[in-house]
Amino acid sequence: MITPRPRVVDLSEAEPNTRRGGDLRALLTPATVGSTSGFMGVALIQPGDRIAEHYHPYSEEFVYVVCGQLEVDLDGEPLALQPEQGLMIPVNMRHRFRNVGKVEARLVFHLGPLAPSPPLGHVDTEETVAAAEPVGAGEGLAVSRRQVRS
């Protein structure tokens, strides 16, 4: 881990992660800035695309919709999200994001606290076509345990 220090990280520096749907970019992380209490990033979701259902066993997730029309399923219950709205997703709550609009949706996410180790931070609950792709070298933050529910 690197020593925490102030550092500006540009979106273009963050490795794209598309294996769960959407384009997730972890910007401020233990690996990039030495954060110790959580991490922050941006999700870019094209019209009709989604981020597959998952949950975080150790972290709350805070999201803020910058632009676009999203629907989030929280433990199977749909909820509309509009620009300039925030949402806190509790620990262990299954969630999936869908872009239901006609333009790219962007949301900022923050998870905290960090899981005891990266493999424990994110649990997938459904398969996606992109999930078979290898993890990008820059991800190293939210390696998933595959748990598919029927």
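Points worth noting:
- Residues Val72, Val108, Val8, ordered by accessible area of protein heavy atoms at a 1.4 angstrom probe radius and largest first, appear as Val8, Val108, Val72.
- Ranking of Phe39, Phe97, Phe62 by solvent-accessible surface, largest first: Phe62, Phe39, Phe97 (1.4 Å probe, protein heavy atoms only, all chains present).
- J(HN,Hα) series, the range 81-88, from Karplus relation 6.51 cos²θ - 1.76 cosθ + 1.60, nearest Hz, glycine and proline x: 10, 10, x, 6, 10, x, 8, 10
- Summing +1 for each Lys or Arg and -1 for each Asp or Glu among the other residues whose beta-carbon sits under 11 angstrom from that of Gly38 gives -2.
- Ratio of Rg to Rh for the range 46-89: 0.94 [Cα atoms; Kirkwood radius as inverse mean 1/r over pairs].
- Across the range 5-12, coupling constants 3J(HN,Hα) worked out from phi with the 6.51/-1.76/1.60 Karplus curve, θ = phi - 60°, read 7, x, 7, 7, 10, 7, 3, 5 Hz, and Gly and Pro carry x.
- Note on Arg5: accessible area is roughly 130 Å² with a 1.4 Å probe, heavy atoms of protein only.
- Environment charge at Arg106 (Cβ cut-off 11 Å; Lys +1, Arg +1, Asp -1, Glu -1): -1
- In summary, the convex hull built on the alpha carbon positions of the range 20-70 has an orientation-averaged projected area of 4.2 nm².
- Residues Arg5 and Ala80, FRET efficiency given R0 of 41 Å [Cβ-Cβ distance, rounded to 0.05]: 0.55
- Protein heavy-atom accessible surface, 1.4 Å probe, per residue over the range 1-78: 48 Å².
- Share of carbon and sulfur in the accessible heavy-atom surface of the range 45-123 [1.4 Å probe, %]: 56 percent
- At q = 0.19 Å⁻¹, base-10 log of I(q)/I(0) for the range 1-97 (Debye sum, equal scatterers on each alpha carbon): -1.03
- Note on the range 1-81: dipole from Cβ charges, positive end direction compared against Val65, Val8, Met40; the farthest Cα belongs to Val8.
- Nitroxide proxy distance, nm - points 7 Å out along Cα→Cβ at Ala31 and Glu13: 1.4 nm
The values are calculated or read from the model by the stated rules, or taken from the named source; none is laboratory data. What you see is a predicted model; the values in this text were computed from it and never measured. Virtual Cβ from ideal backbone geometry, glycine too; neighbours counted across all protein chains shown. These accessible areas exclude ligands, DNA and RNA; they are computed on the full protein's heavy atoms, side chains included. Shrake-Rupley method; radii C 1.70, N 1.55, O 1.52, S 1.80 Å.
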